[in-house]
Amino acid sequence: MNFTILRGETVGIIGGTGSGKSTLINLIPRFYDVTSGAVLIDGVDVRDYSFSELRGQIGMVPQEAVLFSGTIESNLRFGCLNATDEEMKKALKIAQAYEFVSALPQGVHSPVNQGGKNFSGGQKQRLTIARALVGSPQILMLDDSASALDFATDAALRKSIQNETSGITVLMVSQRASTIRRADKIIVLDDGEVAGIGTHEQLLDSCDVYREICLSQLSREEVGKK
């Protein structure tokens, strides 16, 4: 596979189970390295960065939302110890978590049990997204991280990320066509290869794999909507 992502773009990555979506984005922070070719950030091979320098540019939300024991505040500060109250508030708002956190008696000082077991799956996902956003990373990677959200919250999250993260490059892995359809660019994977790259409308015309995914999840009328 060979493609370029521009700074500030929102890129959707979609494909069937086992197509290589998570593998692809895990190459960027070097959870493992390519066996041939190269992954470049700002024209520099990721293997030429120190781990701290490389991962300091990236906010990542994994498939399984994991919170650490402590407080909501300590979780938000995990990636940016010097985060201000305003930065944490903004991150919570973008992640659609501010409302339920504010309703807690202790707000951001509320306790978090090991693994975040005292929060629902959707709440955990929103808090892990907020944690990734604190400190304004250059690259935000969401690995199927809205799967526990209802469609209304998912839509609000996508709109908020689009409107409030100017300059941040967003890579959004999802099984849902509705989640990535408005991305600036969509990369369709099939069995470890790129089956198509383009906008939603372009791929409907040119990529059989993408068209099949959309038609299996959405009505023909919804597929045609922008």
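The values are calculated or read from the model by the stated rules, or taken from the named source; none is laboratory data. Remember, predicted model here, so these are calculated numbers, not experimental data. All Cβ positions, glycine included, derive from the backbone under ideal geometry; neighbour counts span all protein chains shown.
See the values below:
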item	result
E73 among the charged types (D, E, K, R), within 21 Å of A156 (Cβ to Cβ) and outside the structural domain of I161 (by TED's automatic domain parsing)	no
Hey, V194 buried (at least 16 other Cβ atoms within 10 Å of the Cβ) and in a strand (DSSP E or B) or not	yes
Residues (outside any loop (DSSP other than H, G, I, E, B) and either of a type in the set (F, W, Y) or within 25 Å of D48 (Cβ to Cβ) (or both)) located in the range 11-26	V11, I13, S22, T23, L24, I25, N26
Of all residues in the range 27-57 being outside any loop (DSSP other than H, G, I, E, B) and in contact with a Pro (Cβ under 9 Å, 6 or more places away or on another chain), the one that is surrounded by the fewest Cβ atoms within 10 Å (Cβ to Cβ)	F51
Total residues in the range 63-72, condition surrounded by fewer than 18 Cβ atoms within 10 Å (Cβ to Cβ) and at negative phi	6
Every residue from the range 73-100 that is outside any helix (DSSP H, G or I) and crowded, with 18+ Cβ neighbours inside 10 Å	R77, G79, C80, A83, A95, Q96, A97
